[in-house]
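Below is one structure, written out as structure tokens, with a few remarks after it.
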Amino acid sequence: MRFVPRSLLAVVLGVAPAAPAADPASITEPEIEKIVAAVAATDTERSIIRRRLGGWRELQAAPKNRALGEPEKLRLVNDFIHETPFFCDPVMWCAEDFWAKPAEFLANDGGDCEDFSIAKFFTLKSIGVAEEKLRIVYAVYQRGTFTGAHMVLAYYPTPEAEPLILDNINQTVQPASNRPDLIPVFSFNSQGLWGAKEAKGRGQPGEQYRAWSDHWKRVQTDAVVRSVSPEQRKSAECQALIQRSPWCR
């Protein structure tokens, strides 16, 4: 199995992530209206933002959802998050690599693999799944002649168990052994970052880890909800990024 048990992974994060300014999964009705005012430009966009953020808030607030078993929670959150369409980062954010907070992802009604995984992570935590059971996994995705960096969410029912994988490419919750197309590189949550090949001892964080850690800190601490206008997406800079990205094709 390529996804090794959690207890065999060695922590390689150089510094602990900054403390969150607020729970990234927490949102109130007044906050939804502030996002609508800041992001929406049309009545259609206002309707989408209220529906997606309102539905997300209701999912988390419903006592019946917190009372579900964890397999049912995984399916509930997975299905809800996948109502949002996939768009690559250059198209969605006019950036080569951008990690959106759940509210940004849902308010903008689109995102890529990082955004799906992050939204699932925080939403599952909010309805009672322990963070110790959740890892966001950076992996290499291989299918035919295509190879690309990818991100999924792994759920470990017990520390030694085979994880279940929640993925925007294969949208059914699958055991890791059913996903030979994924080669894990490292995984993380708010408690640290682990190298998938560090079972024999502690590793040292490289620049790649530090860069991804900076993204992760921003998701947990930045209060700004960002959006990109259609005019910005038409810019030469944005179009060049789109042309270079294998995930935009």
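Nothing in this text is a laboratory measurement; each read-out follows from the coordinates by a stated rule. Only a predicted model underlies this, so the values are computations on that prediction, with no experimental measurement involved. Heads up, the Cβs are rebuilt from the backbone with ideal geometry, glycines too, and the neighbour counts pull from every protein chain shown.
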Seminar exercise, completed: The local net charge around residue 63, scoring Lys/Arg +1 and Asp/Glu -1 for residues other than residue 63 whose Cβ lies under 15 Å from its Cβ, equals +2
For this session: Assuming 1.567 mPa s and 4 °C, estimate D for segment 73-127 with Stokes-Einstein, Rh taken as the Kirkwood radius over Cα pairs, in µm²/s.
Result: 117 µm²/s
Seminar exercise, completed: At q = 0.08, 0.11 Å⁻¹, the log10 of I(q)/I(0) for the chain from a Debye sum over equal Cα scatterers comes to -0.30, -0.58
For this session: Using 0.36 nm per residue of separation minus the Cα-Cα distance, give me the extension gain between residue 79 and residue 131 in nm, one decimal.
Result: 16.7 nm
Seminar exercise, completed: Taking alpha-carbon centroids only, segment 109-181 lies from segment 27-82 a number of Å equal to 20 Å
For this session: Just add up the charged neighbours of residue 105: K/R +1, D/E -1, any other residue whose Cβ is under 12 Å from the Cβ of residue 105.
Result: -3
Seminar exercise, completed: Convex hull around the C-alpha positions of segment 22-122: the volume in Å³ per residue is 102 Å³
Problem set entry | Value of [θ]222 nm, deg cm²/dmol, for the chain, DSSP H segments ≥ 4, -39500 (n - 2.57) each, nearest 500 | -11500 deg cm²/dmol
